[in-house]
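So the structure is just underneath, and the comments pick up after that.
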Amino acid sequence: MQTPSTETIPQTATASGPFDVIVIGAGVAGLYQLYRLRELGLRARVFEAGSDVGGTWYWNRYPGARFDSESWSYGYSFSKELLQEWEWPEHFAAQPDTLRYLNFVADKFDLRRDIQFLSRVVAAQFDEDADHWTITLESGEQASARLLITALGPLSAYTLPVIPGREEFKGQAFHTARWPREGVSLAGKRVGIIGTGATAIQVIQTIASEVGSLTVFQRTPNWAAPLHNRRITPEEQRRIKATYAEIFERCRQTSTCFIHQTDPRKALEVSPEEREAFWEKLYAEPGFGIWVGNFADVLVDKKANALASEFAARKIRQRVTDPAVADKLIPKDHGFGTRRLPLESGYYEVYNRANVRLVDINETPIERITPEGVRTSAEDFPFDVLIYATGFDGVTGPYDRIDIRGPGGRRLKDDWEGMPRTYLGMLIDGFPNLLMVLGPHTARGNIPRNIEEIVDWLTGLVAHMHKNGLRRVETRREEVDRWVSEVEQAVEGLLFSEVNSWQTGVNRNVEGRQVRRVLGYYGGALAYRQRTGDVAVGGYRELLFDAEAARRSARP
Ligand code: NAP
């Protein structure tokens, strides 16, 4: 397997602490967190595994990678100047543009001088006497800070399929999350791809016309709906810039922070004609409307969901010429929208091409990777290039990959073996001075919107500690219990919680990750904002500080 080449390393800071705060990760979350910490006048240092900023948009350079949030609802909202200076070229921007944007932000706010690149954090240890965290990099270098903030991203721990012979393949092989910076020449080549998630769908629809042949190995089909992307016209650009306040206010009012809001009507209560007309309208519109702006009962009522699934299945049958192939592409084990919905641009039509073949590996399982390609129970497939679009150990995976030790050597990975125990998804039971941006149990949807709110909340807590000379912060066990039970209650009745996916913590390639877990707060962004806001306004009475916190840590 190849990994991205190491290109010119940008100006990079070097560790010489101690710092007030260490942040892990220089993606969308880490960059904004650094900006806010600097505003407080604190000494902050960001450690980043990549050679430059961007996080998910740095690593995921695969062909066709792009947003499915509207670009103009995705960028940072904190700087009016930035909003006016930056222009998104398309309604759903492609990865190179998003990476360019994050570089623009890093340059504009001179963020790189506090970021140390090519610095993967492999361990973090809390020192009980000094009340600080010491992190260790892959290189063995260490750095310390009073507070440690993780901005790891929920989808950064990529996973390869557990298939025998993977190392034997003699052609080129890539995981989509480690696509080479210089690109891969695919023209005329025999290409195989394993996976049919959101990533694979973008790759497949993008490369099908360029490659010699494309073989798609599908284990579970996913529902997908059209993205309807297009360029932003100059007139739209002017309107977007003039209405950013309204756009972000709209995002604040929806439960997922996308611009789309659930329709109050129920699919089961309107006439079949009204239902059909609404679904046709949503199918013809850009973005996630058909997922999070659908009838109120579609994601919670099995009958309503079955109708929505029938509608989506009909669309697949209309778009795919061969009925047998269409049938294979229709999910049977989960309903429409119960996994995160991939948005596509001509994905289904790809299967009408003569050079594309869909292999259902439930019928003919992959037996092994051979030096030449892939062997299924029925056939040998020779390839020049093999693409693993096999996803991520979501949400907790990035934490599991760092040896995080709290007081008494307590290991976070052990604590989180089953269900993570967090307070508001931002603090961890038994791990003082460790704060998370977008950790387990936070509200998630249009991610930068969630990130900004979480970073603002954490910055408020850091400011509170700084102002009052506080050295240590801990959770109260009873508050953690309460939050975890609120998180569990919030998914009750949501159909997605009964389906295996990274969102429910299942990854069949990772040992111990075969059982569903609740990894997000699904009570909606408004409830989450209210809940976290109350704690801040109330002066953080739910948290323990200094001597009280130390006593809490001393207890087993
Ligand atoms: P994913 O949705 O988890 O899909 C992984 C795919 O690989 C699945 O089809 C899975 O099949 C298959 N797979 C894994 N191991 C396999 C094996 N051993 N043999 C055969 N097939 C195997 O991952 P993803 O597509 O990278 O997407 C993850 C998330 O990233 C998305 O849900 C989304 O949140 C985000 N994303 C966003 C965008 C965007 O904004 N536009 C684009 C891409 C990704 P099973 O389902 O059977 O496990």
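For the range 56-68, the tally of residues that are under 26 Å from Arg252 (Cβ atoms), open to solvent by 10 Å² or more (accessible area, probe 1.4 Å) and outside any helix (DSSP H, G or I) stands at 2. No other residue among Ile194, Ile163 is of a type in the set (A, V, I, L, M), crowded, with 21+ Cβ neighbours inside 10 Å, within 20 Å of Asp384 (Cα to Cα) and touching a strand residue (DSSP E or B) at 6+ places or on another chain (Cβ under 8 Å) apart from Ile194. Filtering the range 488-539 to residues that are among the aromatic types (Phe, Trp, Tyr), touching a helix residue (DSSP H, G or I) at 6+ places or on another chain (Cβ under 6 Å) and open to solvent by less than 30 Å² (accessible area, probe 1.4 Å) leaves only Tyr521. Considering the range 367-391, the residues that are open to solvent by 30 Å² or more (accessible area, probe 1.4 Å) and in a strand (DSSP E or B) include one that is farthest from the ligand (Cβ to nearest atom), namely Pro382.
Residues checked against (1) more than 16 Å from the ligand (Cβ to nearest atom); (2) assigned to a loop (DSSP other than H, G, I, E, B):
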residue	(1), (2)
Leu470	yes, yes
Trp483	yes, no
Gln503	no, no
Arg529	yes, no
Asp534	yes, no
Tyr540	yes, yes
Ala547	yes, no
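Among the residues of the range 276-303, write down those that are of a type outside the set (Gly, Ala, Ser), part of a helix (DSSP H, G or I) and open to solvent by less than 40 Å² (accessible area, probe 1.4 Å). Hits for the range 276-303 are Phe278, Trp279, Leu282, Tyr283, Ile290, Trp291, Val292.
For the subset of the range 149-160 comprising residues that are part of a loop (DSSP other than H, G, I, E, B) and away from the ligand (no atom under 12 Å from the Cβ), which member is surrounded by the most Cβ atoms within 10 Å (Cβ to Cβ)? It comes out as Ala151.
Being more than 16 Å from the ligand (Cβ to nearest atom), open to solvent by less than 30 Å² (accessible area, probe 1.4 Å), in contact with a Pro (Cβ under 8 Å, 6 or more places away or on another chain) and touching a residue at least 40 places away in the same chain (Cβ under 8 Å) holds for only one residue in Phe126, Phe92, Phe169, and it is Phe126. For the range 230-267, the set of residues classified as assigned to a helix (DSSP H, G or I), open to solvent by less than 30 Å² (accessible area, probe 1.4 Å) and not acidic (Asp, Glu) consists of Gln237, Ile240, Tyr244, Ile247, Phe248, Cys251, listed by residue number.
Confirm whether Leu227 is of a type outside the set (Val, Ile, Thr), within 16 Å of the ligand (Cβ to nearest atom), open to solvent by less than 10 Å² (accessible area, probe 1.4 Å) and touching an Asp or Glu at 6+ places or on another chain (Cβ under 8 Å).
yes
From the list Arg113, Arg146, the one residue that fits, being among the basic types (Lys, Arg) and either surrounded by fewer than 22 Cβ atoms within 10 Å (Cβ to Cβ) or within 16 Å of the ligand (Cβ to nearest atom) (or both), is Arg113. Here Ala208 does not fit the description of being under 27 Å from Arg375 (Cβ atoms), within 11 Å of the ligand (Cβ to nearest atom) and in contact (Cβ under 8 Å) with a residue 24 or more places away in the chain. The residues on offer are Ser144, Ser73, Ser139, and the sole one that is over 22 Å from the mean Cα position of the chain (by Cα) and not in a loop (DSSP other than H, G, I, E, B) is Ser144.
The values are calculated or read from the model by the stated rules, or taken from the named source; none is laboratory data. Because the structure is predicted, anything quoted here is derived from the model rather than measured. Every residue, glycine among them, receives a Cβ derived from its backbone with ideal geometry; neighbour counts consider all protein chains shown. The area values use the complete protein model at the heavy-atom level, side chains included, leaving out ligands, DNA and RNA. Shrake-Rupley method; radii C 1.70, N 1.55, O 1.52, S 1.80 Å.
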